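Beneath this line is the structure, given in structure tokens, with notes to follow.
The values are calculated or read from the model by the stated rules, or taken from the named source; none is laboratory data. All values reported here derive from a predicted model rather than from experimental measurement. Note that we place each Cβ from the backbone using ideal geometry, even for glycine, and neighbour counts take in every protein chain shown. Just the protein is used for accessible areas: all its heavy atoms, side chains included, with ligands, DNA and RNA removed. Shrake-Rupley method; radii C 1.70, N 1.55, O 1.52, S 1.80 Å.
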Amino acid sequence: MNNMFKNLAIWMVIGLVLMTVFNQFNTRQVATGSVEYSEFIEEVKQGRIAKVVIEGRTLKATTTEGKRMTTYAPPDLWLVSDLLKSGVKIEAKPEEEPSMLMNVFVSWFPMLLLIGVWVFFMRQMQGGGKGGAFSFGKSRARMTDEAQNTITFADVAGCDEAKEEVQELVDFLRDPSKFQKLGGRIPKGVLMVGNPGTGKTLLAKAIAGEAKVPFFSISGSDFVEMFVGVGAARVRDMFENAKKHAPCIIFIDEIDAVGRHRGAGLGGGNDEREQTLNQLLVEMDGFEGHTGIIVIAATNRPDILDPALLRPGRFDRQVVVPLPDIRGREEILKVHMRKVPIAGDVKADVIARGTPGFSGADLANLVNEAALFAARRNKRLVDMDDFEMAKDKIMMGAERRSMVMTEEEKMNTAYHESGHAVVAKLVPKSDPVHKVTIIPRGRALGLTMQLPEQDRYAYDRQYLMSRIAVLFGGRIAEELFMNQMTTGASNDFERATAMARDMVTRYGMSDLGVMVYGENEGEVFLGRSVTQHKNVSEATMQKVDAEIRRIIDQQYALARQLLDENRDKVEAMTKALLEWETIDAEQIDDIMAGKPPRPPKPAAGASRPGKPDDHPGAEPSAAATA
């Protein structure tokens, strides 16, 4: 866009210059010192004119005092005789005629200017002036050579298995004969699948950096254009350019923009997107083979890709880039900590243990937030307290200490969070409670933080049942100790109901057996049939609803019984929250053991983020649950 305005400005300057030149040659400007004709005649009669030069109808006079004047004379046959009678010297010169070239230029200049402006705008509309009328189909892939790409596998951490999978690509690009002599064929395409922020794009850049080959990068949306057929033309052009630089890598980010299931949607397929996908399928594995070209694509929605795109011969291999485990998080933190001055008390393994479920992008943001906290306090090094505050901010939101709450609301919030915490400490297989706070953060008025002792990959029935009971603890505490109900438990109920429904309809964790009773909603937009019928009768759905109700009522009764039997612990925790606003795991253990809670630590080192439970008076976003 900047180039467009720059070119337009250049054209306008050229036009103004030409118009100035045209005016200089075409306009009969009167020189400085011009006078009216009547005044000139009066000067002649007074005898003050010594000499006159006649050029056509222009008279250039010189006075007896040496001054010069110019005037324009009308047709006057007696002018010369009058000048001679007054003793004026007369010199005659022919009138200067403009050249033929200038006449042609003056005549055609407006037309040429209009044609030039029209050509300029047409070139801008058809691809920024980089290829004329056929630049619509030019590929927008950006090529990065080895000098520009400095990222290697040393910059990628937390996905060792994915790096091993793609290491073969690097070995093939460096030495193809190693695989060809045994009859092996390198995959034509590699699809990287993983959650957002896990490092799929970074891993692709590292492959190109390690192999030291040209790297063409493009986004899936760059193929889509308002004109049908442009996307397919760009795919053809991209592979033609890649053939000239083979061996090379083509990286297509967010391939789901063009690789969606064909025929998807209620109104039929999009012709432009489907033509682009068809051309991509042909280029990857058609009659013409492209040796030495490896296509790498990234997506976090593999479920919506067309099956033809995923078959062997196109994307032969799917590389899963998962969320990092505790060792992977530690390695990722060390990579990002190289860029900031770290204090000696910072331990990457402790931070990694306290950040389950964080992706690589989340950890990079954590290090950045910690650096910002240190900068606000004018520190020279980023210490552990900064990382703890950064974790709290990312997981719970920024503190809102300026928010004014009434004493009743504050007490209600304290009972609500105490109810969550006490039930979480009493039910089996529940994640440990590491922090309870009634300080407003983000959209929350208070939070109960639970942190798993280790990374979880599957959840058993008892764990899910305990989670449901913990979610009900807040509302029950309000009823038992405040004799009221507030809107703050609405999100608790939503999450508890969704968890119970999944246990019955998807996980087979109920008396109804292992049959799947639920179907994913919204699949008509992913290419599924609109007319599909649900294979569950109304009578069966009534049994499903009854089973969900039974689980919810059972866990609600369990949570109420636990809180009723441990009223003293709820009261003690509420008192501690009202006094200190935030209590940590050690203080919670003291309360559950019947001891007076120890005073809070001066530093923020005891906080560990986990899963937030919501609170009275707010509607926080749903936290991640099983």
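Residue 276 falls short on exactly one of the conditions (1) open to solvent by less than 20 Å² (accessible area, probe 1.4 Å); (2) polar (S, T, N, Q); (3) at pLDDT below 70, and that condition is (3). Of the candidates 469, 444, 477, the single residue that is modelled with pLDDT under 75 and within 24 Å of residue 576 (Cβ to Cβ) is 444.
Residue 345 falls short on exactly one of the conditions (1) open to solvent by less than 10 Å² (accessible area, probe 1.4 Å); (2) part of a loop (DSSP other than H, G, I, E, B), and that condition is (1). Here residue 406 fulfils each of the conditions (1) more than 29 Å from residue 440 (Cβ to Cβ); (2) open to solvent by 20 Å² or more (accessible area, probe 1.4 Å) apart from (1).
Of the residues 309, 333, only one is under 27 Å from residue 244 (Cβ atoms) and either charged (D, E, K, R) or at pLDDT 80 or above (or both); which? Steps first, please.
Values: 333 fails: under 27 Å from residue 244 (Cβ atoms).
None of the other options fit; the residue is 309.
Applying the criterion of being free of Cβ contacts under 8 Å to residues at least 60 places away in the same chain and surrounded by 16 or more Cβ atoms within 10 Å (Cβ to Cβ) to the residues of the stretch 157-169, the residue that is nearest to residue 349 (Cα to Cα) is 163. Would it be correct to say that residue 319 is within 22 Å of residue 382 (Cα to Cα) and either surrounded by fewer than 21 Cβ atoms within 10 Å (Cβ to Cβ) or not acidic (Asp, Glu) (or both)? Taking the combined requirement at face value, the residue does not satisfy it. Taken residue by residue, the stretch 411-424 has no member that is open to solvent by 10 Å² or more (accessible area, probe 1.4 Å) and without any contact (Cβ under 8 Å) to a residue 24 or more places away in the chain. Note on the stretch 178-193: among residues that are assigned to a loop (DSSP other than H, G, I, E, B) and either touching a Leu at 6+ places or on another chain (Cβ under 8 Å) or among the hydrophobic types (A, V, I, L, M, F, W, C) (or both), the one that is surrounded by the fewest Cβ atoms within 10 Å (Cβ to Cβ) is 182.
Taking the criterion of being on the phi > 0 side of the Ramachandran plot and either more than 34 Å from the chain's Cα centre (by Cα) or of a type outside the set (Lys, Arg) (or both), would at least one residue in the stretch 463-482 satisfy it?
no
Within the stretch 470-490, being part of a helix (DSSP H, G or I) and either among the aromatic types (Phe, Trp, Tyr) or open to solvent by 10 Å² or more (accessible area, probe 1.4 Å) (or both) holds for 472, 475, 479, 480, 481, 482, 487, 490. Select from the stretch 425-451 the residues that are open to solvent by less than 40 Å² (accessible area, probe 1.4 Å) and farther than 21 Å from residue 397 by Cβ and list them in ascending order. Hits for the stretch 425-451 are 427, 430, 432.
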